[in-house]
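Report on the structure given below.
The values are calculated or read from the model by the stated rules, or taken from the named source; none is laboratory data. Note that the structure is a prediction, hence the values are computed from the model and not measured. In this analysis, Cβ positions are derived from the backbone assuming ideal geometry, glycine residues included, and neighbour counts consider all displayed protein chains. Just so you know, the surface numbers come from the protein's heavy atoms only, side chains and all, with ligands and any DNA or RNA stripped out. Shrake-Rupley method; radii C 1.70, N 1.55, O 1.52, S 1.80 Å.
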Amino acid sequence: MTEACECLGCNVGTAVPDFKLDTFEPLKGDFGEISFAGLKKKNIWTILFFYPADFTFV
Amino acid sequence: MGAEIITVSADTKYVHLAWQREERNLAGVKFPMGSDPAGKLARMFGVYDADKGMALRGTFIISPEGTLLNAEINYFNMGRNIDELMRKLKANLHLSKHTVEACPAKWTNEGDRTLTPSAKLVGKVHEALG
């Protein structure tokens, strides 16, 4: 285990700051970009699903 | 259900592409696969393991208004229960429309009993849930 945990930056019940991610989008078979501001404009729920690494056993 | 799932790891978008095309278990994947190579987003959500350069198994549900409502973080060696994630998402959807209610621990589906906190309910949760 790591010696010191990173502090939780986003607390439950608070606003999530804007962020951007480069993506691969299997539906389009192409690369893309996601911004949180763009997601909010779509007025939908967002689920962020973190995992350690590709080619492992999620 | 009106939710966008975004998976996030420290891999590049090129590796995401290679993995999704190679691994037959991922043939049905429809959600965008986000790339967080410097762990910036993982740090923002407190799931970055700096020694390993990888993100822990963190799941976060964010409302359409941009508020973080649920957080679940597992260590590397434990998978997540998708039924529980769906339960939380359904409960959030219900609560966003019924703002005075609360979903108890065993709430699993629309139609299950909820609690509406009030003076009368204090000490009477057992009776309210029947």
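Mean partner shielding of peptide A:27-39, defined as the number of other chain Cβ atoms within 10 Å of each residue Cβ, is 3.
Taken over the stretch B:19-130, the convex hull of the Cα atoms encloses 174 Å³ per residue. B:Lys124 exposes around 100 Å² of accessible area when a 1.4 Å probe is run over every protein chain in place. Considering the options B:Ala27, B:Ile82, B:Trp107, tell which one lies farthest towards the positive end of the dipole of chain B, charges being +1 on Lys and Arg and -1 on Asp and Glu at the Cβ, about the Cα centre. The Cα lying farthest towards the positive end belongs to B:Trp107.
Applying 0.36 nm per residue to the separation of B:Leu26 and B:Glu4 and subtracting their alpha-carbon distance, the gain on full extension is 6.2 nm. Largest mean-square fluctuation among B:Thr12, B:Thr108, B:Thr99, in a Gaussian network model of chain B whose springs join Cα atoms under 10 Å apart, belongs to B:Thr99. Considering the protein assembly as shown at the alpha-carbon level, its Rg and Dmax are found to be 18.1, 58 Å.
Sequence-distant contacts, meaning Cα pairs under 8 Å at least 6 residues apart, place the relative contact order of chain B at 13 percent. Note on B:Glu72 and B:Ser96: their simple-model spin labels are 1.8 nm apart, each label 7 Å out from Cα toward Cβ. Between B:Thr12 and B:Lys106, the distance separating the two model label sites (each 7 Å from Cα on the Cα→Cβ line) works out to 5.2 nm.
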